[in-house]
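To start, the structure itself, in structure tokens.
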Amino acid sequence: MKLPLRGIIPPVITPLLDDNTLDVKGLEKLVEHLISGGVHGLFILGTTGEAPSLSYELRKEFIKRTCELTNKRIPVMVGITDTSFEGSLEIAHYSKEVGADAVVVAPPFYMPISQDELVVYLENLIPKSPLPLLLYNMPSHTKLHMDIETVKIGQKLGAIGIKDSSGDMFYQTNLIEEFKNIPEFAIITGTELFIPETILQGGHGAIAGGANIYPKLFVEMYDASIARDFEKIAILRELNIQLYNTIYAVSSNSSKYIRGLKCVLATMGICNDYTALPLSKYEGDDKKKIEEYVAHFKGIIA
């Protein structure tokens, strides 16, 4: 895997038939949908992948099958975030065993911890990781916003970059500025609308959930940003905003984003839309709205 990490990397949804069964045929279709869309890598078992809701056994099956299906065509990164330190290492070692290229870790998400405690955690985890490790700043889910000083320590310990899903452009800009002289350390945005600004300011790419459904849209946005094609950026950003106002906004529940992505993929005939407990899939009027939005975007978004 070349460093720094670059491009559009979907945080892949986990196709499920039920809480204990992977949608294997759906996963195969999804992987091909993403690779044919030109994405630069896959990130599995992240927030969009519902990782904390899945058993270790199911996670391992998902990792193995994804690595087999991808077959080294693009890098596969695996989320190892867990409440258990040993659980994170177990998934990391398994990921290496079956052919993954890197792992991704956010702060443990149940016990409230301080920046100092996170530093100690990283000092123990990063040297033991069998694969290159990307930091993941996800304060809405972990109760902790990584200080830039903490990120600097993570980099010195060996982290290859950070995915920032804080939604804080000022923080992300400061990250880019802080690490601009360490070219192998990637700054990856987790906020789709920030893709152009991230690239134009010197960042490296995006882990964009919408790329699950419309990978070409986000690859084109990345390419336009690299080329500084501001006219095309404006057109693509407008389409992205439409996704926020439609597919991502069908309900008022905080789970609307994951549910929306899965419902779209099911409507497209790619994979099942089952969501692991405690989430629930769209049905009835909500599902009908998604179907109408998919029909609307057909021919508008590649």
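The values are calculated or read from the model by the stated rules, or taken from the named source; none is laboratory data. Just so you know, these numbers come straight off a predicted model, no measurement behind them. Cβ sites come from the backbone with ideal geometry, for glycine too, and all protein chains shown count toward neighbours.
Tabulated values for the structure
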| quantity | calculated |
| --- | --- |
| Among residues of the range 265-302, those that are among the hydroxyl-bearing types (Ser, Thr, Tyr) and touching a strand residue (DSSP E or B) at 6+ places or on another chain (Cβ under 9 Å), counted | 2 |
| Members of the range 205-217 found to be assigned to a loop (DSSP other than H, G, I, E, B) and either surrounded by fewer than 24 Cβ atoms within 10 Å (Cβ to Cβ) or among the aromatic types (Phe, Trp, Tyr) (or both), listed by number | TYR214 |
| Close pairs (9 angstrom Cβ cut-off, 6 or more residues apart or separate chains): within 22 Å of VAL78 (Cα to Cα) and in contact (Cβ under 8 Å) with a residue 40 or more places away in the chain in the range 108-131, loosely packed, with under 14 Cβ neighbours inside 10 Å and of a type outside the set (Ser, Thr, Tyr) anywhere | LEU125/PHE85; SER129/GLY158 |
| The one condition in (1) over 17 Å from ALA208 (Cα atoms); (2) β-branched (Val, Ile, Thr); (3) within 13 Å of the chain's Cα centre (by Cα) that THR21 fails to fulfil | (3) |
| Options ILE247, ILE301: the member that is modelled with pLDDT under 95 and closer than 15 Å to ASN212 by Cβ | ILE301 |
| Restricting the range 152-196 to residues that are outside any loop (DSSP other than H, G, I, E, B) and of a type in the set (Asp, Glu), the residue that is surrounded by the fewest Cβ atoms within 10 Å (Cβ to Cβ) | GLU177 |
| Residue ID - nearest to GLU50 (Cα to Cα), chosen from residues in the range 252-274 that are exposed (fewer than 14 other Cβ atoms within 10 Å of the Cβ) and over 21 Å from the mean Cα position of the chain (by Cα) | SER252 |
| The range 115-150, residues that are part of a strand (DSSP E or B) and farther than 17 Å from THR83 by Cβ | LEU133, LEU134, LEU135, ASN137 |
| Every residue from the range 80-126 that is surrounded by 14 or more Cβ atoms within 10 Å (Cβ to Cβ), polar (S, T, N, Q) and under 21 Å from the mean Cα position of the chain (by Cα) | THR81, SER88, SER95 |
| Candidates PRO4, PRO52, filtered to the one that is assigned to a helix (DSSP H, G or I), of a type outside the set (Gly, Ala, Ser), in contact (Cβ under 8 Å) with a residue 40 or more places away in the chain and more than 18 Å from GLY269 (Cα to Cα) | PRO52 |
| Search result, residues across the range 218-232 that are crowded, with 22+ Cβ neighbours inside 10 Å and either more than 25 Å from VAL31 (Cβ to Cβ) or among the hydroxyl-bearing types (Ser, Thr, Tyr) (or both) | TYR222, SER225 |
| The range 91-102 residues that are among the polar types (S, T, N, Q), paired with ones that are outside any helix (DSSP H, G or I) (beta carbon under 7 Å, 6 or more apart) | SER95/VAL78; SER95/VAL103; SER95/LEU131 |
| Hits in the range 189-208 - residues which are more than 17 Å from THR48 (Cα to Cα) and charged (D, E, K, R) | GLU197 |
| Filter pass, GLU61 being surrounded by fewer than 21 Cβ atoms within 10 Å (Cβ to Cβ), touching a Leu at 6+ places or on another chain (Cβ under 6 Å), in a helix (DSSP H, G or I) and without any contact (Cβ under 8 Å) to a residue 40 or more places away in the chain | yes |
| ASP223 vs. criteria more than 20 Å from the chain's Cα centre (by Cα), at pLDDT 95 or above and over 23 Å from ILE44 (Cβ atoms) | no |
| Matching entry among ILE199, ILE270, ILE241, ILE258 (being touching a helix residue (DSSP H, G or I) at 6+ places or on another chain (Cβ under 7 Å) and outside any loop (DSSP other than H, G, I, E, B)) | ILE199 |
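So that you can scan it fast, the table gives a plain yes or no per residue for (1) buried (at least 24 other Cβ atoms within 10 Å of the Cβ); (2) within 25 Å of GLU192 (Cα to Cα):
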{"residue": "PRO11", "(1), (2)": "yes, yes"}
{"residue": "LEU27", "(1), (2)": "yes, yes"}
{"residue": "ILE35", "(1), (2)": "no, yes"}
{"residue": "ARG65", "(1), (2)": "no, no"}
{"residue": "LYS72", "(1), (2)": "no, no"}
